[in-house]
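The values are calculated or read from the model by the stated rules, or taken from the named source; none is laboratory data. The structure presented is a predicted model; accordingly, all values stated were derived computationally and were not measured. So basically every Cβ, Gly included, is an ideal-geometry build from the backbone, and we count neighbours across all protein chains shown. Note: accessible area is taken over every heavy atom of the protein model, side chains too, but ligands, DNA and RNA are not part of it. Shrake-Rupley method; radii C 1.70, N 1.55, O 1.52, S 1.80 Å.
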Amino acid sequence: QVQLVESGGGLVQPGGSLRLSCAASGIIFRFYAMGWYRQAPGKQRELVAGLSSGGSTNYADVVKGRFTISRDNAKNTVYLQMNDLKPEETADYYCNAHDYRDDYWGQGTQVTVSS
């Protein structure tokens, strides 16, 4: 059974930082591309950052220079370091794992950026 379990969300003030984690089980983690998505109330889910199995990264333009995606294949975990957070980045953040055949999602973790 595949599981992606996110953690690290919470309430943070504007300009603050959070580090999200996503622990994967039931897959051969190192073979999967990993991504972080977010969905704000009333909006579509959008890609925040992606990290291929080979280590290539891509970011949404609005987070470049502030967010960093990384992975630890030994721990089957992907991270999202988020710095200088803005109120408009309040959303549920979701972890994704995919390869050429499969696509898996976590249950999400809530991030609220507010003073």
- Message: All but one of (1) exposed (fewer than 14 other Cβ atoms within 10 Å of the Cβ); (2) over 25 Å from ARG101 (Cβ atoms) hold for GLY55; state the number of the condition that does not hold.
- Response: (2)
- Task: Could you please give the count of residues in the range 56-115 that are among the polar types (S, T, N, Q) and in contact with a Cys (Cβ under 8 Å, 6 or more places away or on another chain)?
- Result: 1
- Residue check for GLN110: loosely packed, with under 15 Cβ neighbours inside 10 Å, on the phi < 0 side of the Ramachandran plot and touching a residue at least 40 places away in the same chain (Cβ under 8 Å): yes
- In this structure, is GLY65 under 14 Å from THR90 (Cβ atoms), more than 12 Å from the chain's Cα centre (by Cα) and free of Cβ contacts under 8 Å to residues at least 12 places away in the same chain? no
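Listed here are the residues, each with its yes/no results for (1) in a loop (DSSP other than H, G, I, E, B); (2) open to solvent by less than 60 Å² (accessible area, probe 1.4 Å).
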site: GLY35; (1), (2): no, yes
site: LEU47; (1), (2): no, no
site: GLY65; (1), (2): yes, no
site: SER70; (1), (2): no, yes
site: LYS75; (1), (2): yes, no
site: LEU80; (1), (2): no, yes
- Task: Tell me, please, whether a residue that is outside any strand (DSSP E or B) and touching a Ser or Thr at 6+ places or on another chain (Cβ under 8 Å) can be found in the range 101-114.
- Result: yes
- Query: What number of residues in the range 7-16 are surrounded by 13 or more Cβ atoms within 10 Å (Cβ to Cβ) and either without any contact (Cβ under 8 Å) to a residue 40 or more places away in the chain or in a loop (DSSP other than H, G, I, E, B) (or both)?
  - Reply: 4
